[in-house]
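For reference, the structure is listed below as structure tokens.
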Ligand SMILES: [Zn+2]
């Protein structure tokens, strides 16, 4: 476990030029002003630049410790807002064995316990349908925290088309920048998604779909069978997970 002290925090923050992060985190932890304003300020600082993984790593253990002090609504807000910064680590993973890696995963494992508990909490579930946009962001934030961060990052890549179109590229050279998801594309084999039992997190697409159903009518549920499905290349016939097609598209 990393020793968290003011001196250590101050040195990391000054190395990383994170004065604003310090200001917002301090406001949040001290309950100075609106919690949601502090969470938003913090997430904007952390989420706007992928190279800030190091500073996200430094902040996560504090957020995990503080999480139980927040109201249920503010917990939902925190997961929704912090998801992008956490998912971004998948794009540029922190090097194994570094202090930053250890901090990131220490914070993440604390948040995982909290988020799993809140997702099966009967008091939390009705709150998810109060605001569709926030509910969707919560589901993606939960995916970044307890599921595959690369998939969560993929959903942010797809958010540019409001999840109506997807990009794809195959190793043979074929690519397509706008597959219309809502028109049952021929090049993707859909998967069947079983209903969620409301308590298990064994199958990512099943619980993700279940949480999105709690949110209600939303733009992501309809595309889940495709994005978790299998792409069949129209040029060379190779099959691979749609997620891989998406990442290939951005690697070119
Ligand atoms: Zn191909």
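The values are calculated or read from the model by the stated rules, or taken from the named source; none is laboratory data. Note that the structure is predicted; figures quoted are calculated from it, not measured. Cβ coordinates were reconstructed from backbone atoms using ideal geometry, including for glycine residues, and neighbour counts include every protein chain displayed.
Points to keep in mind about this one:
- Residues that are exposed (fewer than 13 other Cβ atoms within 10 Å of the Cβ) and within 25 Å of the chain's Cα centre (by Cα) were ranked within the range 157-181; the one that is nearest to residue 47 (Cα to Cα) is 160.
- Inter-residue pairs, beta-carbon under 8 Å, first over 11 Å from residue 248 (Cα atoms) and touching a residue at least 60 places away in the same chain (Cβ under 8 Å) and in the range 167-178, second more than 7 Å from the ligand (Cβ to nearest atom) and not in a strand (DSSP E or B), 6+ apart: 177/249
- Some residue of the range 209-220 being touching a strand residue (DSSP E or B) at 6+ places or on another chain (Cβ under 7 Å) and touching a residue at least 40 places away in the same chain (Cβ under 8 Å): no
- Taken as a whole, the condition of being under 28 Å from residue 93 (Cβ atoms), assigned by TED's automatic domain parsing to the domain that holds residue 247, away from the ligand (no atom under 16 Å from the Cβ) and at pLDDT 95 or above applies to residue 206.
- Within the range 186-202, one or more residues are in a loop (DSSP other than H, G, I, E, B) and within 16 Å of the ligand (Cβ to nearest atom).
- Taking the numbered list (1) under 19 Å from the mean Cα position of the chain (by Cα); (2) within 16 Å of residue 148 (Cα to Cα); (3) away from the ligand (no atom under 13 Å from the Cβ) in turn, residue 244 passes all entries but (3).
- Condition check for residue 63: modelled with pLDDT under 90 and assigned by TED's automatic domain parsing to the domain that holds residue 12: no
Okay, residues lined up against (1) closer than 22 Å to residue 218 by Cα; (2) in the same structural domain as residue 53 (by TED's automatic domain parsing); (3) buried (at least 16 other Cβ atoms within 10 Å of the Cβ):
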position: 86; (1), (2), (3): no, yes, yes
position: 97; (1), (2), (3): no, yes, no
position: 101; (1), (2), (3): no, yes, yes
position: 111; (1), (2), (3): no, yes, yes
position: 123; (1), (2), (3): yes, yes, no
position: 130; (1), (2), (3): yes, yes, no
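- Test: residue in the range 45-54 that is modelled with pLDDT of 90 or more and under 22 Å from the mean Cα position of the chain (by Cα): no
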